[in-house]
């Protein structure tokens with residue numbers, strides 16, 4: 001979910017790294033129950049924290065891809081080139097590994113039908129009832145929903161889209177929570193909640209550009225925590241989820257915005273040398289590839305762990321994921337972003353389009 005823009009911010013890359021590691025840690029703990037040190041992670045369930053952080057970050061960085069003048073089509077096309085090169089390569093890799101018998105968990109792909117592949121390629125497998133090629137790709141459908149929502153809202157209202165989305169989305173969530181309780185039906189409110197996280201990230205971007213006051217941003221953050229807590233209570237408390245408890249859903253709603261805003265609002269942290277140079281931001285830049293490829297690392301770790309023990313499996317999972325992610329970032333992510341820019345060119349300094357004019361671009365002080 002990393003952005004391909006030139007305006008790299010070290011603290012954003014470090015937050016991305018934290019998000020990717022949180023998701024990886026949860027899945028690692030689930031795959032390696034024989035490692036006592038991972039038992040606490042399995043109970044805490046940090047994966048949702050990582051996903052929420054990813055969407056908060058996406059809301060913050062996507063405005064960096066805005067061009068002057070803003071055009072919805074080229075904007076969305078550039079986002080496709082940001083996501084799909086690595087995604088298609090990973091699909092091809094798991095197909096080959098499954099067909100070759102190296103990772104039997106994907107052996108079924110050799111006989112998967114057109115419907116299954118089409119649903120996965122369009123990222124609608126969860127909604128079409130198709131078996132997922134990679135379980136982690138469900139978040140990408142929400143990511144593309146955010147791209148479309150942002151593009152349409154920004155095209156209509158400019159920077160004013162942030163405040164409108166940050167009010168419309170919690171109202172929609174509260175309304176759907178009421179419908180869920182009234183009808184006695186569990187609705188997937190969390191996915192709409194992730195779009196709300198994107199809207200909060202967009203407001204943080206506007207604050208950085210002097211278009212939203214600190215007080216207004218914190219007020220929106222408090223509203224986000226309140227609405228997210230309500231939604232978690234309905235979706236995971238009143239109703240039940242087969243894999244996520246109420247506690248596992250509740251604490252990330254507090255921790256993720258707190259971590260994100262602490263980084264956004266702390267000049268000292270943002271200017272710290274380890275955050276801007278060296279290993280942390282460099283690895284964080286490849287967080288999307290880490291996220292996509294860690295299921296392969298885990299599958300390799302499972303096979304090695306079954307023979308040589310769980311600790312060897314953990315080491316193998318980390319090593320394979322790291323190597324594959326580095327290759328993916330260098331050979332797929334960066335070239336894909338560059339190709340998207342060449343084909344659907346945008347002017348340099350695109351973030352200025354948010355602050356520099358257009359519909360409703362006057363400062364929003366709240």
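Points to keep in mind about this one:
- Test result for residue 112, over 22 Å from residue 201 (Cα atoms) and surrounded by 15 or more Cβ atoms within 10 Å (Cβ to Cβ): yes
- Flag if residue 220 is under 22 Å from residue 194 (Cβ atoms) and either under 18 Å from the mean Cα position of the chain (by Cα) or part of a helix (DSSP H, G or I) (or both): yes
- Of all residues in region 28-37 being in contact (Cβ under 8 Å) with a residue 60 or more places away in the chain and in a helix (DSSP H, G or I), the one that is farthest from residue 337 (Cα to Cα): 31
- Residue check, residue 149 in contact with a helix residue (DSSP H, G or I) (Cβ under 8 Å, 6 or more places away or on another chain), outside any loop (DSSP other than H, G, I, E, B) and at pLDDT 95 or above: yes
- All of (1) crowded, with 17+ Cβ neighbours inside 10 Å; (2) over 30 Å from residue 247 (Cα atoms) hold for residue 102 with one exception: (1).
- Residue list for region 192-217, filter: part of a helix (DSSP H, G or I) and surrounded by fewer than 16 Cβ atoms within 10 Å (Cβ to Cβ): 214, 215
- Looking at 55, 70, just one residue is at pLDDT 85 or above and not in a helix (DSSP H, G or I), and that residue is 70.
- The one condition in (1) crowded, with 19+ Cβ neighbours inside 10 Å; (2) over 18 Å from residue 135 (Cα atoms) that residue 31 fails to fulfil: (2)
- Yes/no for residue 97 being modelled with pLDDT of 95 or more and not in a helix (DSSP H, G or I): no
- The set of residues in region 218-231 that are touching a residue at least 24 places away in the same chain (Cβ under 8 Å) and in contact with a helix residue (DSSP H, G or I) (Cβ under 9 Å, 6 or more places away or on another chain) comprises 218, 220, 221, 223, 224, 225, 227, 228, 229, 230, 231.
- Among the criteria (1) under 23 Å from residue 149 (Cα atoms); (2) part of a loop (DSSP other than H, G, I, E, B), the one residue 186 does not fulfil is (1).
The values are calculated or read from the model by the stated rules, or taken from the named source; none is laboratory data. Every value quoted in this text rests on a predicted model; they were computed, and no experiment measured them. Methodologically, a virtual Cβ is constructed for each residue, glycine included, from the backbone with ideal geometry; neighbour enumeration extends over all protein chains shown.
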